[in-house]
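The values are calculated or read from the model by the stated rules, or taken from the named source; none is laboratory data. Owing to the predicted nature of the structure, the values given are computational and were not obtained by experimental measurement. Don't worry about glycine lacking a Cβ; one is built from the backbone with ideal geometry, like all the others, and counts go over all protein chains shown.
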Amino acid sequence: MKINVAILGATGYTGSELIRLIDGHPHFSLSHLGAHSQAGKTAGEVLPGLAAHVARMPLHASDTVIDESVELIFTALPHGAAAESVKQALDAGKRVVDLSADFRHKTSEVYQDAYQQTHPYPQLFEQAVYGLSEWAADDIAKSNLIANPGCYPTSVLLPLIPLLQSGFIDTDRIIIDSKSGTSGAGRSAKTNLLYCEINEGLAAYGLPRHRHAWEMEEWAEAFSSKAVNIRFVPHIIPMTRGMLSTLHLTGSNTDQWWSALENTYRHKPFVRILAEGQLPSTKQVAGSNRCDIGISILDEQNAVVVSCIDNLLKGASGQALQNANLMFNFNETLGLPCHAQWP
Ligand SMILES: NC(=O)c1ccc[n+]([C@@H]2O[C@H](COP(=O)([O-])OP(=O)(O)OC[C@H]3O[C@@H](n4cnc5c(N)ncnc54)[C@H](OP(=O)(O)O)[C@@H]3O)[C@@H](O)[C@H]2O)c1
């Protein structure tokens, strides 16, 4: 018996990646696909890459009642829109993995600061677990609502938390430079993402404070019990998927930083610490659910740490499925690619 699953926002980039993953999962079964402007069509009319058995599935409008047999719902919707669907799903007794930012913060004040909008259901914050899989597995297993982390925060928190916990890095001077492929901005049409506007170019955006800076600081502090000050500059680059974050860090005893990372993640299937001095590239994680992390020690006080993920896998749908596996006590790797597509 498989567990029936619904994906709301199935026509977007993260939703369609979830379709691909769930359809290959041994214990989950695609039962309901939800859409917004594309509702009423079949999945194959909107997502030409689907095989026939899924292409035939209808895309339901968001007010369609989801079948009782569905136990798990992924909400791959824009922030703001997701909160309502999450509330309805929880009221109907479903378990939810929300890929939006709507339940990633602990208070409505922080959400308001970061997203410049009032949250409709702040009372649900208490029951949401921030689903950074490697750091919250026990809580994820017990929860009905997982707030799946943002892509930039995932790429930053995985290397940063063990270094903060080691006590060696300066917490008031953490400088992060990140680059994302354009699928990070979703599938809806935007003028600045047109081929002519983005091809052969590189642009910083989101300053003075990108909304993911709040998420990084909040969860870096929660997992390390240290107050941190993060300066974060994201960039968009003309590639389809992939994310690279460079952390410029200062502190002491840099000769022990590689061990702090390696000891933390040695037994974690989706985080790989490269040999000291080796740096990762987006190519080597594309299509996988891995985060690869490299460190270059500059001197006794300074080091550069680089992490790479596929923004649609470990940065979104892959981590969402990893969390769903944890929620249902399956091996966390089930249905997830651990190797990159190569070349
Ligand atoms: N892209 C990434 O790399 C990434 C990474 C981490 C987290 N996320 C988060 O994941 C969520 C989905 O991102 P995405 O990139 O997949 O977005 P997307 O490609 O723009 O897809 C959005 C989906 O939501 C539906 N939708 C749009 N407006 C809606 C509304 N008002 N009510 C209900 N449904 C609506 C769309 O349906 P129609 O197509 O039918 O209109 C589509 O299925 C976002 O919250 C995003 O921040 C994205």
**Message:** List the residue pairs whose Cβ atoms are under 7 Å apart, where the first residue sits in segment 198-212 and is hydrophobic (A, V, I, L, M, F, W, C), the second is assigned to a loop (DSSP other than H, G, I, E, B), and the two are 6 or more positions apart or on different chains.
**Reply:** Ile198/Pro238; Leu202/Ile237
**Asked** Does His235 fit the bill of being at pLDDT 95 or above, within 16 Å of the ligand (Cβ to nearest atom), surrounded by fewer than 23 Cβ atoms within 10 Å (Cβ to Cβ) and under 23 Å from Ala82 (Cβ atoms)?
**Response** no
**Request:** Filter segment 188-215 for residues that are under 20 Å from the mean Cα position of the chain (by Cα) and polar (S, T, N, Q) and give the result.
**Result:** Ser188
**Request:** Among the residues of segment 203-227, write down those that are part of a helix (DSSP H, G or I) and of a type in the set (Phe, Trp, Tyr).
**Result:** Trp214, Trp219, Phe223
**Prompt:** Among all residue pairs at least 6 apart or on different chains, which show Cβ distances below 9 Å where the first residue, located in segment 223-248, is free of Cβ contacts under 8 Å to residues at least 12 places away in the same chain and more than 11 Å from Tyr152 (Cα to Cα) and the second is of a type in the set (A, V, I, L, M, F, W, C) and part of a strand (DSSP E or B)?
**Reply:** none
**Asked** Given the conditions (1) farther than 25 Å from Val129 by Cα; (2) part of a strand (DSSP E or B), which single one is not true for Phe232?
**Response** (1)
**Segments classed as helices (runs of 4 or more DSSP H), wholly inside segment 24-105, with at least 3 members that are of a type in the set (D, E, K, R)** = 81-91
**Request:** Out of the residues in segment 126-168 that are among the small types (Gly, Ala, Ser) and surrounded by fewer than 20 Cβ atoms within 10 Å (Cβ to Cβ), state the one that is nearest to Val96 (Cα to Cα).
**Result:** Ala141
**Asked** Would a scan of segment 5-22 turn up a residue that is surrounded by fewer than 18 Cβ atoms within 10 Å (Cβ to Cβ), within 13 Å of the ligand (Cβ to nearest atom) and in a loop (DSSP other than H, G, I, E, B)?
**Response** no
**Of all residues in segment 101-115 being charged (D, E, K, R) and closer than 22 Å to Ser133 by Cα, the one that is surrounded by the most Cβ atoms within 10 Å (Cβ to Cβ)** = Asp102
**Lone unmet requirement of (1) of a type outside the set (D, E, K, R); (2) within 16 Å of the ligand (Cβ to nearest atom); (3) more than 15 Å from the chain's Cα centre (by Cα) for Ala316** = (3)
